[in-house]
Structures are given as C-alpha cells and as structure tokens.
Protein chains: 2
Amino acid sequence: MAENQDYNEVELLSALKKRDVMKLRQIFTDFNIVDIAETLNKIDNPAELLFIFKTVPPEQTGEVFSYLDPDVQEHLIRVLSSNQLSDILENIYTDDIIDFMEEMPANLVSKILKSADKETRQDINHLLNYKENSAGSIMTTEYVQLKAEDTIPQALARIRKTGREAETISYLFVTDTSRKLVGTLLLKDIVFAEEGQTIADIMDTDFVSVKTSDDQEEVALNFKKYDLNALPVITNDGRLVGIVTADDIIDVIEEEATEDIQKMAAMQPLEEEYLKLSPLSVAKKRIVWLLVLMISATFTGLIINHFESVLVALPALTVFIPMIMDTGGNSGGQASTTIIRSLALGEIKEKSYGRVLVHEMAVASITGGCLAAFVFAWINIEILVGLVQLSGNVPAVEVAFLVSLTVFITVFLAKICGASLPIFAKKIGLDPALMAQPIVTTIVDALSLMVYFLLATQVFQLI
Amino acid sequence: MAENQDYNEVELLSALKKRDVMKLRQIFTDFNIVDIAETLNKIDNPAELLFIFKTVPPEQTGEVFSYLDPDVQEHLIRVLSSNQLSDILENIYTDDIIDFMEEMPANLVSKILKSADKETRQDINHLLNYKENSAGSIMTTEYVQLKAEDTIPQALARIRKTGREAETISYLFVTDTSRKLVGTLLLKDIVFAEEGQTIADIMDTDFVSVKTSDDQEEVALNFKKYDLNALPVITNDGRLVGIVTADDIIDVIEEEATEDIQKMAAMQPLEEEYLKLSPLSVAKKRIVWLLVLMISATFTGLIINHFESVLVALPALTVFIPMIMDTGGNSGGQASTTIIRSLALGEIKEKSYGRVLVHEMAVASITGGCLAAFVFAWINIEILVGLVQLSGNVPAVEVAFLVSLTVFITVFLAKICGASLPIFAKKIGLDPALMAQPIVTTIVDALSLMVYFLLATQVFQLI
C-alpha cells in the first residue's frame, strides 16, 4: 500500500478555490507528483487548472504534466501560451514528451514543436522518427556521458555539470571522441573508486546494449535476462544515442502482456484504458474476429449437415456435441496458450517445435486417456439413471464407447493444433498470439465432429 | 540484441578442458555473469563444474551461482564443502539465496543454513517466514541506511562503509533511532547537495513504501504508478526491513501475467518453464479443469435432449448449433478477458461494476446487431445456393430469422456473463482470471441453446 504521508487532495482543492498560490506551491513541492496529477485529472473547471499551470513554477508543474490524462494535457496545450508551454516542456524528459505527443492532433504537435527550445525540438524530431515500439522510440536522450581518460574528480565535475537534467545518474556511459560507447559504469563505482584511478580503470567494457531499431520486446527480454536497471541504446555503428530505464520497461512489459492477452481472446488490442473508450471503439476492435470466426463455424455446420442422416437415425448423438466441442476447444486452448506465452518469454524457439510436439502428444495421451475413461463411465451412468434417453434399441455401452473414443482423438488433435499453430505463425512472421483458443476451437470443432460422425457410421453401421 | 563484445563460450570451455585457472579467472572477471552461467548450465561433466567453483574465487562465482539452473545448483550444494559453500553464499544477495532455497529439498536447505554466516542465516530465516508472493518474500535486506542529522561528508562515509554489500546505493534510506523510515533520497541528491546541508535538508519525506505483508502484485502496481526504481518495505509500525528493486519487479510482473494467462486458459499455473516439466506434471495442471468443464457441458447436452422433438421435426436446426456456440464463447471470452486484465492492472475496481455492465451492453448491441444482420443474409445465401438443405417445407427466411435473433441474444448474454463473472469472483475473494473464456463458454452454451430451442418452438409452432 502506498504511504502518502499527509497528502490530502482536499487541501489542494481548497487552496485552489482560495487561489492561495503559496499553499499550492508548497503542496507541489512536498508531495508526490503522481498523487497530485491524480487530483488534477478530476478538476472540471478549466480556469482552475489553468491557474495552477500559470502560477506554480514549471519546475514543479513540468513533471506533473506528464502524468495527466491525455484529454487534460490536450486542453492545457491548447490554452497555454507558447512561452508557458516552453517552460513546462523544458522540465519534462524527452521520452515523456514523445509519449503524450503521440496522442495529440497534428496542430497541437506543431504547437509543441514550436514551443520547445531548439535542442529539445531536435531530440523530439529524432525520437518521433523511430519506428513505434522500437528501442529508439522509448529511449530518453538525457543521460551522462563520461570520457575514459577522466580522473574521478573530473568525472564527478562532469556529472555535476550535466547530470541535473539527466533521467538517471546512477548509470553512466563512457564514449570516445566519435561518440562510440566504450564502457558503462555505476555512480556506485565512482563512490568506491580509489584515488588515482581513471574511468577507464573502473568501467565495464562487457556491457549489454541494444540498437535503436530493436523491438521493445527484445529490450525487455534483455532487462529480464541480465537483471538490468538501465540499458544504453546505440546506432548500428556503435554510437550512443539514448538510454532506456527499468521504469519504462515495466510499462512495456505490462503493455505487451495486455496486448497478447487481448489478441488471444480474438480482439485487436485496445489502445487506451477500457472504460475511457466509447462502446463503438471497443466494438470495432471485436467485430472483425467475431465475424471471421462465425463464418468459419459454418464449415462445422456443413459437416453436421452432411451427416444429417446419422442424426436422424440416432438423434441422441446430438446430445454429446457440446461436450465434444467444449472439450476440444479447452484442450486446444490450454496447449496454444502455453506455447504462445513460452514463445513470448523466449523460453521456447521455433526450432524447439519437434520437442514441443512430442511433449504435447504425451500430455494429450494422459489427459485424453483420463477424460475418455471418465466420459465412458459418465455416459453409462447418464443413460442408466435416465438423464439421457436413447431412442431406438441402441446399447448404452456402444454410445459411451463412441463418445469416449471421439473425446480421446479430439484431445489429441486439439493439442497438436494448439502446439503447432502458434509456432507456425511465428515462422511465417505472424504474431503467435493470434493462434489462440478462438481459432484453435474453430478448427478442432470441425475436425472433432467429423471424427464423431465417421466413427458413428462405423460403430452403428449407419451408412 | 545483446552485445557480448568478445565473450565466447568456446574459450571458457577450452580453458576448462586445459584446467587453465588463470584464464578461467580472467573470463569470470571480464564477462557478463549471465552469459557465463548460460555456458555453465550446459556442462555435463560434474567434475569440470566443481573444478570451477573450487578454483575461481567466490567473489566471482557467487553471483554466477544464482543464475544457474536449479538442478545444477542442487548438485553443487551437494558436492561443495561447507566452507566453499559459505564463501559462495557470502557473495550472493539474500533475496537470490531465498530464490534458489525455495527449490531445494529439506536436507540441502539445512546444509545452506549451516554454511551461511550468522547474520546471513538470520536474514534467510527471516525472509523464509514471509508469505509466498508477499513484499517481504521478494525484498532484499542489503541496503544503505543514513541518519537525518548526517552531514553530506558523514553520509558519504557511511555509504562507503556499508554500501559495498548493498544491492543498490542509488536509492538511500533515512531511519531514526528506532529504525523507523523517515525519508528517502537518491545518491544523485547527495552529489548535487550544497555544502553545509544535512540529509534532513535534502531527503524526501513524502515517499512511497509497502508493508512486508503486501502482495507482490500490489508492489508492482506501485512501481508502475509512481515510475519507481526502488521501494522501501516497512513493518506495520513503520520500521524499515528491506527494499525491492525494479529488476525484481520486472520478474514479478512477467510471472503474474503468465499466471493469469494460464489460469484464463483453464490451467493451474506451471511453476517452471514448460519444456523443463514432465508431460505428467503438465497434464496434472490441465486435467482438473478439463474434467470439470466436460461434466458441465453435460448440462448443455441435456437441454438438447429435452428439445429432441424439435430437432427430429427440423433436423437442419442442428447445423447452426456450432455457429451459435462458438459466437457465444468468443463474445463472452472477449468481454471476460478485457475485464480480467483491467482488474489486474487496477484500471477498474469492483465498484465500477455498474459502468462496466452498461458499457458491455452497449458493445453487445453494436456487435450483436452487426453479427445478427450478417448471419441473416449469410443463411439465406447458404440455403439459396444449396450449401444447407432444409428438409420439409420450412421457409429459409424463417430459419435465418431464428438463428439471427438467437445470435443477437447470445452475444448479449455472453457479454453480460463475461463482464459480471470476473467482478463477482473478485468480490467474493476468488481470482478473476478463473472466470475466463472456458467457464463463460460453458455457461453461455447452455443459455444460448435454450434460447435457440425456445425461439424455434415459437417460430415454427413445434410444441
């Protein structure tokens, strides 16, 4: 639980009502900017909001600004003067400016660019040009660069001079004259350095780094694998252009997991929080897959149509269709989910396909065997106690055997589909998360009903 | 992509073959411990592995040890002498020792405890007593404590004295005489402090902290909300007992997402990487839900059984059962997935239920309306071109109308179920992730087929 000591939003709101500038400034100095931003997001009166950003110094409002809701930010950018905006932008890290610029309409983007000082504007333009979700697009350009030949006092002087603007000075980067990254070190290393040592003596030359074009998922995997707290971003020829910090990666990891989860449920990922989107926007993300899957289910229907004579001869067989379909869907969903997640975490690669397939077939034998044995007993009981009535003179044991065998084969097919489709998708460059329960279910439904009816014609010699 | 400079595992392996201790030590000094651990995990010869841990100094092998696979660690703990083990343990952070102790059999746990020095042993015992997945269980006890009255040089002296063992000195914690946490600061603040200032002048008293018993998911939410890189853990009476760092939280976030994803596909979460588990262990995690859901599908079967006369009179109605069932399952899965993820991210709370329900009903009207319109046209076409044959003199348009209306109602019911079940689960203290597509599908299947048959009896006056 967060300990917000004495932060109390009523105090802020009442200071605002009274236009008590001194009190407001004090609140902005004393308390956590995230909590303050939460309060500001709730203010309905645009004049009050503007009052804050006009009277509280931008060193204090800058960071708060980056935690406001996009619509509140948009409103402020519209109404603030270019000078005021410029002061605020100067107090926000470039990667955070990029974050909210990506949400803004074009006229406001150009207002932001005009208001930013030259250096910031260059940084922004630079970052905006990197592909979405690339390391370049999430990095910050505010970091401390040292030289290998620096003595410890020289390095400390450099840190004091350039570090105030930096997003972190806990991680320091050493570049040569052509800005090539040659080493990394921690502020801690400098604190523990011995007299007379230079940066070259204490820096780490076996550092991990990423390229600007690397996908953010790749960046996250590096953070996870090497337990990092910051990571340098370099160009193809090794020049340092930015850094990514762990707090940014936490957001990336959550975002990527959310996207995968949404795709796995046959939706296009939502770009914002669910309740902030209109029902129409949510519906748009859902309708395409629903339509595609509904039409695909037609195929399963056609199989039933083809075997209608079987059902006419033995209508009780219809009773077990939901059980077979659901078991197939669930078995396939389990397999595909496991594989999709393992691929995302880098635990398995495309080349492990053989091993995965053998593994899933073994799992299918065990679970399918258990389910088949259980369903055999269960159907016998259902018929015995009269829950299900068989028309005609069909022996209960034959129906139980038919369903039981179908369940076993269905589980087997489902696990094979569930294991194969995500890996196949990855191989051809599609997102494996698309090959989850909904698609697997649709395919397995058709296969399992075909098996069911084919077996039925054999067992009961119906055709 | 990781830049491993010149790290080359062949070099390490050949140095090992030649028993070249100097070369081995140099490799351990120069290169990333995670990469080295990856190589060591592949060594099959136990004697070679032991040779490394006996000849390379523990300051270098300690951290590598914590990245080895559990079975390799277990083997080493078995064969190393108590003294060797003790030296290695001294070079691993306590939270990492806990991580691998939790995987070890009891006799090895006691060997580890005996080998650890008194202080480490106390820390381990302490951490082991915290509930699994609590903040206490993931925190580290190695951090730097300062006093509010320290001058800057005093603070620096304290950091130099106690900081070497600490997991981070970028984040510093200020306690009073009763070890109560009174403030936090960054090493950066000390670097930029002015002469004559004390820690009290520059520390932040409005810090965010968590309690030892708080769930790790709660801790992760704080990291995300406040963009933190480290977080102090305190007792109920405010005493500082540990810290959690961002790299640990990255693991927590991935783990929690993986667990949720697995639960949402009706599996108990796997405790290890998929391919490292035997098929039997994987099957055990999957079979329970498959059985429960299969039996539940019986109920849907009984509904079909009850309406058998409808199907006998109009067998073509069976053809549309898969389409209705799949559309219901997919619609419900979309809603439940969205709500489960939003709950996990803290974007919606139980008290938002009313708003969520209205939202989903609006989405249901739009998607259900589109699907119903589409399916009406589609079935007319199917019958027109002869893909589906209707026995008897039933007009195509009536069948299309029946299915279309059923689809609309099904989508509506599915979205309501999908929105309600996760929130209801949370309210009664269950994990919302359990109420995902598999359960929602089972419930909606039964409801939608009941609607289908009841409507059919009305439309065709069959009963």
Quiz item: What is the percent of Cα-Cα separations in the range B:145-263 that go past 16 Å?
Solution: 62 percent
Practice problem: Once the label point is placed 7 Å from Cα along Cβ, list for A:Gln458 the distances to the corresponding points in the other copies, in nm, shortest first. | Solution: 4.4
Quiz prompt | Extension gain, B:Ala377 back to B:Asn45 (0.36 nm per residue minus Cα-Cα distance, nm) | solution = 112.7 nm
Exercise. For a quick protection proxy, order the peptides B:266-272, A:253-259 by their average other-Cβ count within 10 Å, most packed first.
Key: A:253-259, B:266-272
Practice problem: Find every distance from the label point of A:Asp201 to the corresponding label point in the other copies (7 Å from Cα along Cα→Cβ) and write them in nm, one decimal, shortest first. | Solution: 3.2
Exercise. Could you list A:Val375, B:Val288 in order of exposure, starting from the residue whose Cβ has the fewest other Cβ atoms within 10 Å?
Key: B:Val288, A:Val375
Quiz prompt | Percent RCO, i.e. relative contact order, over the range B:70-142, from Cα pairs under 8 Å lying at least 6 residues apart | solution = 38 percent
Quiz item: At A:Lys427, label 7 Å along Cα→Cβ: distances to the other copies, nm, ascending?
Solution: 4.8
Quiz item: Which whole number gives the average count of other chain Cβ atoms within 10 Å of the Cβ atoms across peptide A:372-385?
Solution: 1
Quiz item: How large is ³J(HN,Hα), in whole Hz, for each residue of the range B:198-210 in order, when computed from phi with the Karplus curve 6.51 cos²θ - 1.76 cosθ + 1.60 and θ = phi - 60°, using x for Gly and Pro?
Solution: 10, 4, 4, 5, 10, 6, 9, 8, 9, 8, 9, 9, 10
Practice problem: For peptide B:241-251, compute the average count of partner chain beta-carbon atoms within 10 Å of each residue's beta-carbon. | Solution: 4
Quiz item: Between B:Asp215 and B:Arg19, what is the spin-label point distance in nm, taking each point 7 Å from the Cα along the Cα→C-beta axis?
Solution: 5.5 nm
Practice problem: May I ask you to derive the FRET efficiency for A:Gln154 and A:Val385 from their Cβ-Cβ distance with R0 = 56 Å, giving the value to the nearest 0.05? | Solution: 0.05
Quiz item: Ranking A:Glu195, A:Glu360 by Cβ neighbours within 10 Å, fewest first, what do you get?
Solution: A:Glu195, A:Glu360
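Rg(Cα) of the range A:381-463 divided by 2.2 N^0.38 Å?
1.46
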Quiz item: What average number of partner chain Cβ atoms lie no more than 10 Å from the Cβ of the residues making up B:419-426?
Solution: 0
Quiz item: If you average the sequence gap of Cα pairs under 8 Å that are 6 or more apart and divide by the length of chain A, what percent do you get for the contact order?
Solution: 11 percent
Quiz item: Using the Cα gyration tensor of the range A:9-129, with a ≥ b ≥ c the square roots of its eigenvalues, what is the shape: rounded (a/c below 1.5), prolate (a/b larger than b/c) or oblate (neither)?
Solution: prolate
Quiz item: Is the shape of the range B:295-358 rounded, prolate or oblate, going by the alpha carbon gyration tensor and its root eigenvalues a ≥ b ≥ c, with a/c under 1.5 for rounded and a/b larger than b/c for prolate?
Solution: prolate
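For the range A:83-125, rounded, prolate or oblate, judged on the Cα gyration tensor with a ≥ b ≥ c (square roots of eigenvalues), a/c < 1.5 rounded, else prolate if a/b > b/c? Mind showing how you got there, number by number?
Working: a/c = 1.41, a/b = 1.19, b/c = 1.19.
The shape class here is rounded.
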Quiz prompt | Kyte-Doolittle mean at least 0.5, axial Cα span of 30 Å or more - DSSP H helices of chain B | solution = B:279-306, B:353-384, B:396-427, B:437-459
Quiz prompt | Virtual spin-label span in nm between B:Ala396 and A:Glu119, 7 Å along Cα→Cβ | solution = 7.3 nm
Quiz item: How big is the protein assembly as shown by the Kirkwood estimate over distinct Cα pairs, in Å?
Solution: 30.9 Å
Practice problem: Averaging sequence separations of C-alpha pairs under 8 Å and six or more residues apart, then dividing by the length of the range A:9-129, give the relative contact order as a whole percent. | Solution: 22 percent
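What are the chymotrypsin sites (Phe, Trp or Tyr not before Pro) within the range A:250-357 that DSSP puts in a loop, where the Cβ has at most 10 other Cβ atoms within 10 Å?
none
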Quiz item: Mind checking the alpha-carbon convex hull of the range A:274-459 and giving the volume per residue in Å³?
Solution: 152 Å³
Quiz item: Given the pairs A:Lys426/B:Lys427; A:Lys17/B:Lys211; B:Lys351/B:Lys415; B:Lys42/B:Lys131; A:Lys415/B:Lys276, which are separated by over 30 angstrom at their Cα positions?
Solution: A:Lys426/B:Lys427; A:Lys17/B:Lys211; B:Lys42/B:Lys131
Quiz prompt | Cα centroid separation, the range B:118-155 to the range B:378-448 (Å) | solution = 55 Å
Quiz item: What is the fewest-to-most order of A:Leu228, A:Leu291, B:Leu290 by other Cβ atoms lying within 10 Å of their Cβ?
Solution: A:Leu291, A:Leu228, B:Leu290
Practice problem: Rounded to whole Å and ordered largest first, report the semi-axes of the equivalent ellipsoid of chain A derived from its Cα gyration tensor (root of 5λ). | Solution: 59, 30, 19
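Every number in this text was worked out from the coordinates using simple rules, so none of it is lab data. Given the structure is predicted, the values throughout are model-derived calculations rather than measurements. Cβ sites come from the backbone with ideal geometry, for glycine too, and all protein chains shown count toward neighbours.
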